[in-house]
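First comes the structure, then the notes that go with it.
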Amino acid sequence: MAGIKSINLDGEEIYVFNSAIYIFESSSGNTLEVDMIVSEVTLKKYQNRESLITEIEMEDGGLISSFMFLKSVPGKLPRLSLFCELDPDEPYEGILRISEEEQDFPDIEAGITLEEIRKVEMPNEKITLKLNLPIKQVEWLKEKKNKELNELFRELLGECLEKPE
């Protein structure tokens, strides 16, 4: 079975934790499909797009370039799933074929945890807090810039998370 060496989406190489490329054979036609486990940051960046210019470098040296469409596939880990019509001029040698009767899709989530993904790329989330503090503390906080406050809270929370309960 052919493996993927690297993937570029809209000209940008993305980090992929695991992936599978296959041809899905159905009565309505055959499609080339790529499923990949990515970071939450990468998923957030691309998940709302309808289509992407995709370049796939295969481990055997082959290159597949195509305009691919995004589809939603459920899973526990952040996942991008792309598909496109088959190019009649492309041989697709060594690529796994899955028929609609079998539906034996590769398990690309096996052996990967969200914690491992976050070690590579940790997402940041905005949060709004409503606190009831003495006026002196409120005034001090208002004097600080967002960058300073972000750093302060990262350090404080980091210390709190390291302490045994």
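Going by the structure shown, is Ser39 touching a helix residue (DSSP H, G or I) at 6+ places or on another chain (Cβ under 8 Å), of a type in the set (Ser, Thr, Tyr) and modelled with pLDDT of 90 or more?
Details: touching a helix residue (DSSP H, G or I) at 6+ places or on another chain (Cβ under 8 Å): yes; of a type in the set (Ser, Thr, Tyr): yes; modelled with pLDDT of 90 or more: yes.
So Ser39 fits the description; yes.
Could you give every pair whose Cβ atoms fall below 8 Å, whose first residue belongs to the range 27-52 and is within 13 Å of Lys71 (Cβ to Cβ) and touching a residue at least 12 places away in the same chain (Cβ under 8 Å), and whose second residue is assigned to a helix (DSSP H, G or I) and not aliphatic (A, V, I, L, M), counting only separations of at least 6 or pairs across chains?
Leu52/Tyr46
Identify all residues within the range 1-40 that are small (Gly, Ala, Ser) and under 15 Å from the mean Cα position of the chain (by Cα); write none if there are none.
Correct list: Ser6, Ser19, Ala20, Ser39.
Please go through the range 135-150 and give me each residue that is open to solvent by 80 Å² or more (accessible area, probe 1.4 Å) and either among the polar types (S, T, N, Q) or not in a helix (DSSP H, G or I) (or both), ordered by number.
Gln137, Lys145, Asn146, Asn150
Residues checked against (1) more than 23 Å from the chain's Cα centre (by Cα); (2) in contact (Cβ under 8 Å) with a residue 60 or more places away in the chain:
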site	(1), (2)
Phe83	no, no
Asp89	yes, no
Tyr92	yes, yes
Leu96	no, yes
Ile112	no, yes
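Would it be correct to say that Phe153 is within 27 Å of Ile14 (Cα to Cα), open to solvent by 50 Å² or more (accessible area, probe 1.4 Å) and not aliphatic (A, V, I, L, M)?
Criteria not met by Phe153.
Given the conditions (1) surrounded by fewer than 17 Cβ atoms within 10 Å (Cβ to Cβ); (2) at pLDDT below 95, which single one is not true for Asp10?
(2)
The values are calculated or read from the model by the stated rules, or taken from the named source; none is laboratory data. Since we're looking at a predicted model, the values are computed, not measured. Cβ coordinates were reconstructed from backbone atoms using ideal geometry, including for glycine residues, and neighbour counts include every protein chain displayed. All accessible areas refer to the heavy atoms of the entire protein, side chains included, with ligands and DNA or RNA removed. Shrake-Rupley method; radii C 1.70, N 1.55, O 1.52, S 1.80 Å.
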